[in-house]
Amino acid sequence: MRRHVLLVAGGDPPRSETLGAIRDVDLVICADSGLDHALALGLVPHVVIGDMDSVDPTSLDEARRLGISIVVASPDKDVTDTELAIAHAVGADARSLTVLAGGDRIDHVLGILAAVAHSDLSSLDNVTVHLGVDVMHIVHGGRSVSLLLEIGTTLSLLPLAGDAHGVTTSGLRWALTNETLHGSTARGVSNLTSHDTVSVSVEAGVLAVVVPHRFIDEGQP
């Protein structure tokens with residue numbers, strides 16, 4: 001049975017209230033110090049993977065006590081711990097992937113976005129990234145996403161890893177029909193929902209459908 005994988009990234013801690021929007025998780029994977037964040041949130045991960053250069057040693061001791069699988073990678077590697085965790089999720093036959101991260105360091109943010117744009121994730125049904133107060137739905141070519149949002153919600157469409165082709169939307173004030181959004185322009189920023197159901201499809205490329213400040217208030221959205 002294919003599974004929903006929650007990946008807790010390292011770096012800055014994520015917002016605890018986002019957990020209320022993440023449901024039906026079958027496998028929890030932590031990237032390095034993501035183990036610290038997961039334990040602080042009350043999660044018991046199945047796997048922690050990385051070079052272990054930033055995780056708290058007491059968290060590793062707790063992981064051993066709990067029987068959590070620890071996969072140690074060499075620090076001399078060409079991929080990030082997040083990429084290692086994503087590869088593990090794909091190898092575990094993930095159906096959908098949710099990445100939970102703090103989102104305060106721009107280099108970490110860009111690294112995560114590069115990782116979720118990889119073609120290895122194009123076969124997944126859903127890829128969602130929680131970055132601080134923002135939520136991103138990553139739509140690979142040949143895929144679509146449908147969202148329930150309040151009318152008047154700000155929503156941005158940002159291509160990742162180049163241009164996104166054949167972008168078609170419904171439920172937005174400024175609709176797109178088989179359009180190309182170029183990676184070198186910001187045309188898709190700050191659209192508005194005109195209906196409570198929004199759909200976005202992409203024929204080729206990768207698109208981030210961003211709902212900014214989704215968790216700006218305490219509590220569930």
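No value in this document is a laboratory result; all are computed from the given coordinates. Being a predicted model, the structure only gives us computed values, none of them experimental. In this analysis, Cβ positions are derived from the backbone assuming ideal geometry, glycine residues included, and neighbour counts consider all displayed protein chains.
For this structure, a couple of remarks:
- Ratio of Rg to Rh over region 1-60 (Cα coordinates, Kirkwood Rh, two decimals): 0.96
- About the Cα centre, charge dipole magnitude for region 71-141 (Lys/Arg +1, Asp/Glu -1 at Cβ), debye: 140
- Using only alpha carbons, region 1-158 has a radius of gyration to Kirkwood radius ratio (Rg to Rh) of 0.95.
- Rg and Dmax [Cα atoms of region 82-182; Å; Rg one decimal, Dmax integer]: 14.1, 40
- The long axis of helix 106-116 is offset from the longest Cα principal axis of the chain by roughly 80 degrees.
- In this Cβ point-charge picture (+1 for Lys and Arg, -1 for Asp and Glu), the chain has a dipole of about 620 debye about its Cα centre.
- Counted over all Cα-Cα pairs of region 55-102, pairs farther apart than 14 Å make up 64 percent.
- Calculated over region 28-91: convex hull of Cα atoms, volume per residue (Å³): 73
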